[in-house]
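The values are calculated or read from the model by the stated rules, or taken from the named source; none is laboratory data. Nothing here was measured: the structure is a model prediction, and the numbers come from that model. Note that we place each Cβ from the backbone using ideal geometry, even for glycine, and neighbour counts take in every protein chain shown. With ligands, DNA and RNA removed, areas are computed over all heavy atoms of the protein, side chains included. Shrake-Rupley method; radii C 1.70, N 1.55, O 1.52, S 1.80 Å.
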Amino acid sequence: ETGVTQTPRHLVMGMTNKKSLKCEQHLGHNAMYWYKQSAKKPLELMFVYNFKEQTENNSVPSRFSPECPNSSHLFLHLHTLQPEDSALYLCASSQGTGSYEQYFGPGTRLTVT
Amino acid sequence: KNQVEQSPQSLIILEGKNCTLQCNYTVSPFSNLRWYKQDTGRGPVSLTIMTFSENTKSNGRYTATLDADTKQSSLHITASQLSDSASYICVVSVENFNKFYFGSGTKLNVKP
């Protein structure tokens with residue numbers, strides 16, 4: 001679990017708040033991912049970054065704004081969220097995109113009130 | 001439509017028993033299939049990854065099989081332990097694209 005860290009682990013925010021989720025990987029990987037995991041639903045891929053460049057945006061609403069300043073750090077900026085955005089947000093990294101194994105962080109449990 | 005379906009949705013077994021989880025997919029063109037274990041409140045951890053040419057892959061007490069013709073995979077857990085209680089997720093990726101399709105998972109509960 002120390003390979004990919006996420007902060008905070010839990011977050012409660014109102015619909016008018018602005019907050020950010022942080023992910024850091026210590027594995028020397030080049031690709032990083034954001035996933036959303038809602039109760040009883042499959043993991044949903046949100047964004048993919050490879051060498052700091054966004055390569056995938058899976059039709060994610062603009063109230064979610066990712067930022068990848070370098071290959072080790074990934075942020076997810078949140079603003080004007082809806083209650084249905086409450087979920088576990090998982091970050092992952094891999095050596096590259098495609099068939100490389102992904103290593104997941106512990107996730108941030110987000111509750112939007 | 002690319003889909004991954006897992007069964008059963010949930011399963012309860014006694015410690016020491018074996019069990020088999022199923023994953024059927026319609027993803028094409030197929031690249032690889034992975035099984036992940038996700039403990040409650042934690043991120044998924046990879047158990048196995050199989051490409052088109054691999055039929056079986058083991059990781060300790062976990063054995064995954066793949067039939068690329070029928071597009072089915074199974075995860076067999078031998079001599080279950082309490083620590084096997086978790087959700088098991090099947091993920092299929094598309095060849096040449098950075099696309100992954102996730103199953104909804106099977107929630108396994110191993111009881112003493």
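Name the residues in the range B:10-19 that are open to solvent by less than 40 Å² (accessible area, probe 1.4 Å) and within 18 Å of B:Ala64 (Cα to Cα), would you?
Within the range B:10-19, B:Cys19 is the sole residue that qualifies.
Which ones in the range B:51-66 are at pLDDT below 95 and either in a loop (DSSP other than H, G, I, E, B) or within 11 Å of the chain's Cα centre (by Cα) (or both)?
The answer is B:Phe52, B:Ser53, B:Glu54, B:Asn55.
Please specify each residue of the range A:39-48 satisfying the condition of being on the phi < 0 side of the Ramachandran plot and open to solvent by 20 Å² or more (accessible area, probe 1.4 Å).
If the condition is that a residue be on the phi < 0 side of the Ramachandran plot and open to solvent by 20 Å² or more (accessible area, probe 1.4 Å), then A:Ala39, A:Lys41, A:Pro42, A:Glu44 are the ones that fit.
Could you list, in sequence order, the residues of the range B:83-101 that are hydrophobic (A, V, I, L, M, F, W, C), within 12 Å of chain A (Cβ to nearest Cβ) and in a strand (DSSP E or B)?
Within the range B:83-101, B:Ile89, B:Cys90, B:Val91, B:Val92, B:Val94, B:Phe100 meet the criteria.
Got a sec? Which strands (runs of 3 or more DSSP E) wholly within chain A have at least 1 residues that are facing chain B (nearest Cβ under 9 Å)?
Because the criterion is at least 1 residues that are facing chain B (nearest Cβ under 9 Å), the strands (runs of 3 or more DSSP E) in chain A that meet it are A:4-7, A:31-37, A:44-50, A:53-57, A:87-94, A:108-112.
Can you find, within the range A:47-80, the residue that is nearest to A:Ala31 (Cα to Cα) among those that are in contact with a Leu (Cβ under 8 Å, 6 or more places away or on another chain) and aliphatic (A, V, I, L, M)?
Among those residues, the one meeting the criterion is A:Leu76.
Anything in the range A:67-78 that is open to solvent by less than 30 Å² (accessible area, probe 1.4 Å) and farther than 15 Å from A:Ser94 by Cα? List them, or say none.
A:Leu76, A:Leu78
Hey, among B:Arg42, B:Arg61, which residue is more than 14 Å from chain A (Cβ to nearest Cβ), within 20 Å of B:Leu108 (Cα to Cα), of a type in the set (D, E, K, R) and open to solvent by 20 Å² or more (accessible area, probe 1.4 Å)?
Only one candidate passes the filter, namely B:Arg61.
Whether any residue in the range B:20-29 is within 16 Å of B:Cys90 (Cβ to Cβ), among the polar types (S, T, N, Q) and crowded, with 20+ Cβ neighbours inside 10 Å is what I want to check.
no
Taking the condition of being away from chain A (no Cβ under 12 Å) and either part of a loop (DSSP other than H, G, I, E, B) or without any contact (Cβ under 8 Å) to a residue 40 or more places away in the chain (or both), how many residues in the range B:23-39 meet it?
4
Considering each of B:Ser104, B:Ser74, B:Ser80 in turn, give the residue that is in a loop (DSSP other than H, G, I, E, B), away from chain A (no Cβ under 11 Å) and of a type in the set (Gly, Ala, Ser).
None of the other options fit; the residue is B:Ser80.
Evaluate the range B:3-13: report whether one residue or more is within 13 Å of chain A (Cβ to nearest Cβ), without any contact (Cβ under 8 Å) to a residue 24 or more places away in the chain and farther than 15 Å from B:Thr106 by Cα.
Within the range B:3-13, not a single residue is within 13 Å of chain A (Cβ to nearest Cβ), without any contact (Cβ under 8 Å) to a residue 24 or more places away in the chain and farther than 15 Å from B:Thr106 by Cα.
In the range B:67-86, is there at least one residue being touching a helix residue (DSSP H, G or I) at 6+ places or on another chain (Cβ under 9 Å), crowded, with 21+ Cβ neighbours inside 10 Å, at pLDDT 95 or above and not hydroxyl-bearing (Ser, Thr, Tyr)?
Checked against the condition, which is being touching a helix residue (DSSP H, G or I) at 6+ places or on another chain (Cβ under 9 Å), crowded, with 21+ Cβ neighbours inside 10 Å, at pLDDT 95 or above and not hydroxyl-bearing (Ser, Thr, Tyr), the range B:67-86 yields at least one hit.
Listed residues B:Thr78, B:Thr70; which is in contact with a Ser or Thr (Cβ under 9 Å, 6 or more places away or on another chain) and among the β-branched types (Val, Ile, Thr)?
Step by step, each of B:Thr78, B:Thr70 is checked, and only B:Thr78 is in contact with a Ser or Thr (Cβ under 9 Å, 6 or more places away or on another chain) and among the β-branched types (Val, Ile, Thr).
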